[in-house]
Amino acid sequence: MSEESAPKIFVPANEARRLVQDILKGNGVSPDHAAIIARCLVAADLRGVDTHGMNRIPSYMERIRQGVLNAGAQPELKHVTPVVVQVDGRNGFGFVAAHMGMQAAIEAAKVYGIGLASVKHSNHFGMSAWVVQQALDDNMMSLVFTNSSPALPAWGGKEKLMGVSPIACGAPGKGKGGDMENFILDMAPSVAARGKIYKAKRRGEKIPLDWALDSEGRPTDDPEAALGGVMLPMGGPKGSALAIMMDVFSGVLSGSAFAGHVTNPYDPSRPADVGHFLVAVKPDLFIGLDEFRDRMEYLYRRVVGSEKAAGVERIYFPGEIEQLTQRERERSGIPLVRAEVDALNEEARRVGAAELKL
Ligand SMILES: NC(=O)c1ccc[n+]([C@@H]2O[C@H](COP(=O)([O-])OP(=O)(O)OC[C@H]3O[C@@H](n4cnc5c(N)ncnc54)[C@H](O)[C@@H]3O)[C@@H](O)[C@H]2O)c1
């Protein structure tokens, strides 16, 4: 039976956060940082971005055990100008460093209209949309860029060079925080995120033929062969250019690794040295906030109400599918398969934490 058709175990979000926090604290993460990381990981599970949720815990803990991720690191923040901060993640969790950077960018934007954080010596921060949501919770627009380990070729190449680095941004809609009309774009510049290939591998499933090439440069539906080859950029050279853009802003600019030198989060042999680029923008710089929200709602209605192409049942705003999934999972819980629950419980047992209460 594939894991997709396997029976699901539904875990309430608060129990998921409790488990993740306990595992993190048992591995040397401070309670404050554990709370931030658990919130970000479970936010991905709630939004249906299962590839970047709590199932990442075993690989992150392996990095701590191997000594290549510093569980107890306290990021260092310094102001470069009144609106620009630099965060040194000190090889701690990317979630913590990015959270600190975005918070500083938001505070600057409240006073000056815009705030920018450059983050260096960081790690994988999972789903970019949680950083966008952090800004939305303070009524801010945002740009959220990161670089990542090599997976994509430069257009025309066959060597893994650029990361499948997501480009994300957001703007507040009509309702305050978490409402459907918020604009949240969060997309990897590949045909599919690499996490989806890891998930297919974990679940023993095939992948579509247009996602990746094997090591010989041939299309493949085998996730194992795909992981040994290269991901395909979306839109050919345009996706490849977006991946390079993420590296310019997150890697070159920050002083972190770039040009193919970021380490894969599943490779526990050396620090990752990821860079991030985070911007917060006050939406009521030129018009009032209420007018901005009204205009966003008008845009939303125009988009979702536009005439549908043949065979299309519904048109969605960017981020809307994930926001609908979140509402559903807040009620029903997060669906996991037995192997995923077992892997999390194994991590809990290692540190003497309580297993998932089901
Ligand atoms: N930290 C990292 O290094 C890293 C690397 C790769 C991916 N990721 C994460 O992986 C996740 C998945 O990325 P992805 O590119 O596979 O996402 P995706 O293809 O599922 O979605 C991309 C965007 O398209 C929108 N969308 C999807 N279907 C739609 C539809 N039918 N109508 C309207 N809009 C629609 C989504 O709301 C989203 O904004 C993201 O959260 C990303 O941040 C992280």
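Filter Lys206/Lys308; Lys120/Lys282; Lys25/Lys199; Lys201/Lys357; Lys8/Lys196; Lys199/Lys238 down to the pairs with a C-alpha to C-alpha distance above 20 Å, please. In this structure, Lys206/Lys308; Lys120/Lys282; Lys25/Lys199; Lys201/Lys357; Lys199/Lys238 exceed 20 Å between Cα atoms. A crude spin-label estimate for the pair Ser5 and Ile321, with each label 7 Å from Cα along the Cβ direction, gives 2.3 nm.
Quick one: ranking Phe145, Phe258 by accessible area, 1.4 Å probe, largest first, what do you get?
On the way: Phe145 10, Phe258 95 Å².
So, going from the largest accessible area down, we get Phe258, Phe145.
Output the peptides 199-208, 223-232, 33-42 sorted from most to least packed, where packing is the average of other Cβ atoms within 10 Å over each peptide's residues.
On the way: 199-208: 16.5, 223-232: 21.2, 33-42: 23.2.
With the highest mean Cβ count within 10 Å placed first, the list reads 33-42, 223-232, 199-208.
The magnitude of the dipole of the stretch 68-203, with charges of +1 and -1 set on the Cβ of Lys/Arg and Asp/Glu and taken from the Cα centre, is near 700 debye. Given in Å, the Rg to one decimal and the Dmax to the nearest whole number for the Cα atoms of the stretch 164-258 are 16.1, 50.
Taking each pair of distinct Cα atoms in the chain once, what is the resulting Kirkwood hydrodynamic radius in Å?
On the way: mean 1/r = 0.0479 Å⁻¹.
Roughly 20.9 Å, rounded to one decimal.
This model, with +1 at the C-beta of Lys and Arg and -1 at the C-beta of Asp and Glu, gives the chain a dipole about its Cα centre of some 260 debye. When Leu136, Leu77 are compared by accessible area of protein heavy atoms, the largest-first order is Leu77, Leu136, using a 1.4 Å probe.
The stretch 40-96 and the stretch 296-358 have Cα centres spaced 21 Å apart.
With θ taken as phi - 60° and the Karplus curve 6.51 cos²θ - 1.76 cosθ + 1.60 applied, the whole-hertz 3J(HN,Hα) list for the stretch 88-105 is 9, x, 6, 6, x, 5, x, 4, 6, 5, 5, 4, 5, x, 5, 4, 5, 5 Hz, x standing for glycine and proline. Put a dot 7 Å past the Cα of Val248, heading toward its Cβ, do the same for Lys308, and the two dots end up 4.0 nm apart. Taken along the Cα-to-beta-carbon direction at a fixed 7 Å, the label points for Leu285 and Ala339 span 4.8 nm. On the principal axes of its alpha-carbon atoms, the stretch 22-176 has extents of 46, 42, 34 Å, going from largest to smallest. For the stretch 121-192, a crude dipole built from +1 on the beta carbon of Lys and Arg and -1 on the beta carbon of Asp and Glu, taken about the Cα centre, is about 220 debye to the nearest 20.
Take the Cβ-Cβ distance between Arg202 and Glu328 as r, set R0 to 35 Å, and report the resulting FRET efficiency rounded to the nearest 0.05. Walk me through the numbers before you get to the answer.
Numbers: r = 23 Å, r/R0 = 0.65.
FRET efficiency, Arg202 to Glu328: 0.95.
Where the accessible area of the chain is counted over protein heavy atoms with a 1.4 Å probe, how much of it, in %, is carbon and sulfur? Answer for the chain: carbon and sulfur cover 55 percent of the accessible area. Taking 0.36 nm per residue of separation and subtracting the Cα-Cα distance, full extension of the segment from Glu159 to Ala259 would add 34.8 nm. Each Lys or Arg adds one and each Asp or Glu takes one away; over the other residues whose Cβ falls under 11 Å from the Cβ of Asp267, this sums to +1.
Annotation for the stretch 1-44: GluC sites (Glu not before Pro) lying in DSSP loop with at most 14 further Cβ atoms inside 10 Å of their Cβ are Glu4.
What order do Trp155, Trp130 take when sorted by accessible area (1.4 Å probe), most exposed first? Working shown, then result.
Working: Trp155 150, Trp130 20 Å².
Final ranking, largest accessible area leading: Trp155, Trp130.
Solvent exposure of Ser240, expressed as accessible area, is near 10 Å², computed with a probe of 1.4 Å over the protein chains only. What does the charge add up to near Leu227, with Lys and Arg as +1, Asp and Glu as -1, over the other residues with Cβ less than 11 Å from its Cβ? Result for the local shell: 0.
With a sphere of radius 15 Å drawn around the Cβ of Pro75, what net charge do the other residues whose Cβ falls strictly inside it have (Lys, Arg +1; Asp, Glu -1)? Could you put the intermediate results ahead of the total?
Numbers: positive: Lys78, Arg90, Lys120; negative: Asp32, Glu76, Asp88, Asp273.
Within the 15 Å Cβ shell, the charges total -1.
The values are calculated or read from the model by the stated rules, or taken from the named source; none is laboratory data. All of these numbers come straight from a predicted model, not from anything done at the bench. Here Cβ is always computed from backbone atoms with ideal geometry, including for glycine, and neighbour counts include all displayed protein chains. Note: areas computed on protein heavy atoms with side chains; ligands, DNA, RNA excluded. Shrake-Rupley method; radii C 1.70, N 1.55, O 1.52, S 1.80 Å.
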